[in-house]
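J.: Provided herewith is a single structure, encoded as structure tokens, for subsequent inquiry.
The values are calculated or read from the model by the stated rules, or taken from the named source; none is laboratory data. Computed from a predicted model, the values in this text were never measured in an experiment. Here the Cβ positions follow ideal geometry from the backbone for every residue, glycine too, while neighbour counts run over all protein chains shown. Keep in mind that these areas ignore ligands, DNA and RNA; they rest on the heavy atoms of the full protein, side chains included. Shrake-Rupley method; radii C 1.70, N 1.55, O 1.52, S 1.80 Å.
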Amino acid sequence: MNNNVLLIFSGGQDSTTCLFWAKQHFNKVSALGFDYGQRHKTELEAARHIAVQANVPFEILKLKLLPQLTANALTSASIEVEKEKPDERPPNTLVEGRNMLFLTYAAIYAKSKSVKNLVTGVGQADFSGYPDCRNDFIVSLNQTLNLSMDYDYKIHTPLMWKNKTEIWQLADELGVFELVQNETVTCYNGVKGKGCGNCPACYLRNRGLENYLKQKENE
């Protein structure tokens with residue numbers, strides 16, 4: 001495997017932590033974002049800003065077809081973000097097929113640059129009803145990409161088994177705790193930093209932060 005890597009980068013807590021993880025583990029890091037018709041462009045603005053600070057080349061690809069294929073709260077202004085995950089179905093913030101498409105397009109792009117390593121910030125420890133965040137999916141897609149393009153990709157998921165508390169700890173260990181805390185956009189309503197405080201993404205992020213800060217106090 002060569003020591004170059006392409007990161008799928010959204011400007012959120014998880015992908016930003018992965019960005020700096022990648023900078024520690026690879027010689028050359030580049031990042032790829034997607035404009036897929038999401039309601040809030042603040043995440044792409046955050047991604048651009050963070051990539052500049054990290055001195056990492058960053059490119060955004062347009063994927064405007066997704067809103068025509070699936071209705072969800074992240075791409076439709078007419079659908080309100082649910083405050084709690086329903087028991088009987090995935091949350092309405094699920095963008096069907098998003099991670100599969102992102103990784104597939106990233107793999108095509110990476111091969112054109114002779115890059116075999118891909119990094120994505122998905123994880124199933126704080127599973128929230130998103131089937132495309134599971135390890136089984138990543139392993140399966142990795143094999144499919146290898147077969148479909150006859151290329152030895154390796155998809156790295158450094159957060160796969162970490163909960164939000166442990167992700168905050170990793171950001172701190174990487175020396176980017178304050179950057180992640182203040183500059184990233186995780187909120188489903190597009191609010192930077194602490195977010196709106198009401199959506200499921202903010203709940204997981206802020207609960208993890210509180211737990212990590214308590215953990216540090218007790219050390």
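J.: Could you check the stretch 167-189 and list, in sequence order, the residues that are at pLDDT below 95 and open to solvent by 20 Å² or more (accessible area, probe 1.4 Å)?
T.: Within the stretch 167-189, Thr186, Tyr188, Asn189 meet the criteria.
J.: If Thr144 meets every condition in (1) in contact with a Cys (Cβ under 8 Å, 6 or more places away or on another chain); (2) of a type outside the set (A, V, I, L, M); (3) at pLDDT 95 or above apart from one, which number is that one?
T.: For Thr144, the failing item is (1).
J.: Any idea which residue in the stretch 99-119 is least open to solvent (accessible area, probe 1.4 Å), counting only those that are closer than 21 Å to Lys64 by Cβ and β-branched (Val, Ile, Thr)?
T.: Applying the filter and picking the extreme gives Thr104.
J.: Does the stretch 123-166 hold any residues that are among the basic types (Lys, Arg), over 21 Å from Glu82 (Cα atoms) and surrounded by 15 or more Cβ atoms within 10 Å (Cβ to Cβ), and which are they?
T.: Hits for the stretch 123-166 are Arg134, Lys162.
J.: Pull up the stretch 55-64, narrow it to residues that are surrounded by fewer than 19 Cβ atoms within 10 Å (Cβ to Cβ) and in contact (Cβ under 8 Å) with a residue 12 or more places away in the chain, then point me to the one that is farthest from Leu7 (Cα to Cα).
T.: This residue is Lys64.
J.: A follow-up question, please. Of all helices (runs of 4 or more DSSP H) completely enclosed by the stretch 161-219, which ones contain at least 2 residues that are without any contact (Cβ under 8 Å) to a residue 12 or more places away in the chain and acidic (Asp, Glu)?
T.: Qualifying helices (runs of 4 or more DSSP H): 200-217.
J.: Turning to a different aspect of this structure: Right, Lys116: of a type in the set (Lys, Arg), more than 17 Å from Gly33 (Cα to Cα) and in contact with an Asp or Glu (Cβ under 9 Å, 6 or more places away or on another chain) or not?
T.: yes
J.: Residues that are at pLDDT 80 or above, open to solvent by 30 Å² or more (accessible area, probe 1.4 Å) and farther than 29 Å from Arg207 by Cβ: does the stretch 70-91 have at least one?
T.: No, the stretch 70-91 contains no residue that is at pLDDT 80 or above, open to solvent by 30 Å² or more (accessible area, probe 1.4 Å) and farther than 29 Å from Arg207 by Cβ.
J.: For residues in the stretch 25-43 being part of a helix (DSSP H, G or I) and modelled with pLDDT under 95, which is surrounded by the most Cβ atoms within 10 Å (Cβ to Cβ)?
T.: Glu43
J.: Now for a different question. Which pairs do you get when a residue that is among the hydrophobic types (A, V, I, L, M, F, W, C) and in a loop (DSSP other than H, G, I, E, B), found in the stretch 65-82, comes within reach of a residue that is open to solvent by 50 Å² or more (accessible area, probe 1.4 Å) and modelled with pLDDT of 75 or more, reach meaning Cβ atoms under 6 angstrom, with the pair 6+ apart or on two chains?
T.: Correct list of pairs: Ala77/Arg39.
J.: While we're here: Name the single residue, out of those in the stretch 1-15 being touching an Asp or Glu at 6+ places or on another chain (Cβ under 9 Å) and closer than 17 Å to Asn99 by Cβ, that is most open to solvent (accessible area, probe 1.4 Å).
T.: Ser10
J.: In the stretch 196-215, which residue that is closer than 19 Å to Leu44 by Cβ and touching a Ser or Thr at 6+ places or on another chain (Cβ under 6 Å) is modelled with the highest pLDDT?
T.: Among those residues, the one meeting the criterion is Arg205.
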